[in-house]
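What follows is one structure encoded as structure tokens, with my remarks underneath.
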Amino acid sequence: MPNDALGTGLILGIESSCDETAAAVVRRGTETLSSVVASQIELHSQFGGVVPELASREHLRNIVPVVRAAIAEAGVSLAELDAVAVTQGPGLAGALLVGITYAKALALGLGKPLIGINHLEGHIHAVLMEHGEALGQGDAPLLALVVSGGHTHLYLARRSGAPESVAWMYRNVGRTVDDAAGEAFDKVAKLLGLGYPGGPWIDRLAPFGDPAAVPFTFSPVKRRGAQARDAPEFLFSFSGIKTAVLRYTQTHGMSEVIERRRPTTHPLRPDPDVVRACVEDGTLDRTTLDLVASFQRAVVGSLLKQTFAAAEVFGARAILVSGGVAANSELRRRFLAEAARCSLPIAFPSFALSTDNAAMIAAAAWPRLLAGELAPEELSATPQLRLG
Ligand code: KG4
Ligand code: ZN
């Protein structure tokens, strides 16, 4: 679509790849007029993880009211939209299908273009939409760490050419070979009898423990054969540390204290007052707190080491970090300090845009709309969709 054919610059974004049904209206990829997120955390927390069938059912229940709320909060009419954007993948097939089917029908009914967006590209745009200018311009690529419950990936991101209407291009230069970092936070929290999702719990508890108490180590993950001779790739592995935590709980006789605090005595959110009370009354004992602090120190250390090594190898002009784990306090503190040491600009999304939302989907769609990259009629859910 040529630039001058665009009227309002308004895009309605729809996201339903996992356990959040979200809709947002964003103008020209940067100005968020509304961002509505219906979280299913409460539903899934009783199972200690996302149950795909329940997620699809909830998306079906939520999609209409969430989109209506996003349009109403933005104070616009559907007729004013320039396009509808929707997450195509990666994610849960049934969950993705709800958003895609709805977005397709809406776009068709309104006679508006539809744009399919990769969820991971969305996470990158959560940062670009807020801090694009601070990350500067130039030929050197940006390095993006996308770190969430389902992903731990490093991407080089660049625009080929000056005009605003050129879409972003990505190259995958790092990945986990097993668990995602957020998955490790969730699994470790679960095996320590803490609430779901585990990341926020571990984040709040870590300052009460000694991060040097348990010396976790990561051995370098090696690529084999011909692959290893190709371009450099930065690999992560987080399943070993999860097993090491489990073994530690077994060798230190922690099962009783874990089982005692496991049940539903926890509130759904790791509220700081509740955390402090649990530390004071011993529900959260010293061994657990030290273990949690040491675990977080090690995981953040691994993410930091690989990210800054990749930034150096690829001559990145700046780093951006996105995805649920980008909300982690220790991660932000240590990444900021290291970036300052290396004189590299770095940016994180606001906390609301760190976890899944639809503003990032609408933002990612803007350059694609300008470049005329519309979804084909047969757009369908792509659970294993790759980026770069
Ligand atoms: O991006 P997101 O909402 O969904 C996925 O695409 O996966 O990320 C959710 C993940 C969960 O694993 C959650 O435990 C983690 O992000 N997370 C955190 C924090 N807040 C959320 N991990 C560490 N520290 C946090 N403060
Ligand atoms: Zn996500």
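With the charge dipole of the stretch 177-316 set up from +1 on Lys and Arg Cβ and -1 on Asp and Glu Cβ about the Cα centre, the Cα lying farthest toward the positive end among the listed residues 202, 231, 245 is that of 231. Placing +1 on the Cβ of every Lys and Arg and -1 on the Cβ of every Asp and Glu, with nothing else charged, gives the stretch 289-335 a dipole about its Cα centre of roughly 120 debye. Between the residues 45, 254, 84, the greatest Cα displacement towards the positive end of the dipole of the chain, with unit charges on the Cβ of Lys, Arg, Asp and Glu, is found for 254.
Dipole size of the stretch 177-316 about its Cα centre, with +1 on Lys/Arg Cβ and -1 on Asp/Glu Cβ: approximately 400 debye, rounded to the nearest 20. Cα gyration tensor of the stretch 83-222, axes a ≥ b ≥ c as square roots of the eigenvalues: rounded (a/c below 1.5), prolate (a/b > b/c) or oblate? Taking the square roots of the gyration eigenvalues as a ≥ b ≥ c, the stretch 83-222 is oblate. Computed about the Cα centre, the dipole magnitude for the chain is approximately 900 debye when only Lys and Arg (+1) and Asp and Glu (-1) carry charge, each at its Cβ.
Using a Gaussian network model of the chain in which every pair of alpha carbons under 10 angstrom is joined by a spring, one finds that among 279, 188, 50 the greatest mean-square fluctuation is at 279. Normalised by the number of residues in the stretch 177-316, the average gap of Cα pairs under 8 Å and 6 or more apart makes the relative contact order 43 percent.
Remark on the stretch 177-316: Rg and Dmax equal 17.0, 56 Å (Cα only). Rg/Rh for the chain (Cα atoms only, Rh after Kirkwood) is 0.98.
Quick one: with all protein chains in place, what share of the accessible area of the stretch 169-241 is carbon or sulfur, to the nearest percent (1.4 Å probe)?
Summing carbon and sulfur atoms, their accessible area is 53 percent of the total for the stretch 169-241.
Angle check, please: helix 119-131 long axis (alpha carbons) against the longest principal axis of the chain (alpha carbons), in degrees 0 to 90, nearest 10. Approximately 80 degrees, to the nearest 10. Against the main long axis of the alpha-carbon atoms of the chain, helix 93-110 sits at an angle near 20°.
Judged by the ratio a/c of the largest to the smallest principal axis of the C-alpha gyration tensor, the stretch 1-145 counts as oblate, that ratio being 1.5 or greater while a/b is no larger than b/c. Considering only 15, 58, 312, the Gaussian network model of the chain with Cα springs below 10 Å gives its largest mean-square fluctuation to 312.
How many Lys pairs in the chain lie less than 25 angstrom apart by Cα atoms, where the lysines are 8 or more positions apart or on different chains?
For the chain, qualifying lysine pairs total 8.
Once the 1.4 Å probe is applied to the protein heavy atoms, the chain comes out at 43 Å² accessible per residue. By the helix-only formula, in which each DSSP H run with n ≥ 4 contributes -39500 (n - 2.57) and the sum is divided by residues, the chain has a 222 nm mean residue ellipticity of -13500 deg cm²/dmol. Each part gets one Cα centre, and for the stretch 4-79 versus the stretch 90-115 those centres are 12 Å apart. If you plug the beta carbon distance of residue 333 and residue 57 into 1/(1 + (r/R0)^6) with R0 = 35 Å, you get a FRET efficiency near 0.35.
The values are calculated or read from the model by the stated rules, or taken from the named source; none is laboratory data. A quick note: this is a predicted structure, and the numbers were derived from the prediction, not measured. No Cβ is skipped: glycine too gets one built from the backbone with ideal geometry, and neighbour counts run over all protein chains shown. The accessibility values were calculated without ligands, DNA or RNA, using every heavy atom of the protein model including side chains. Shrake-Rupley method; radii C 1.70, N 1.55, O 1.52, S 1.80 Å.
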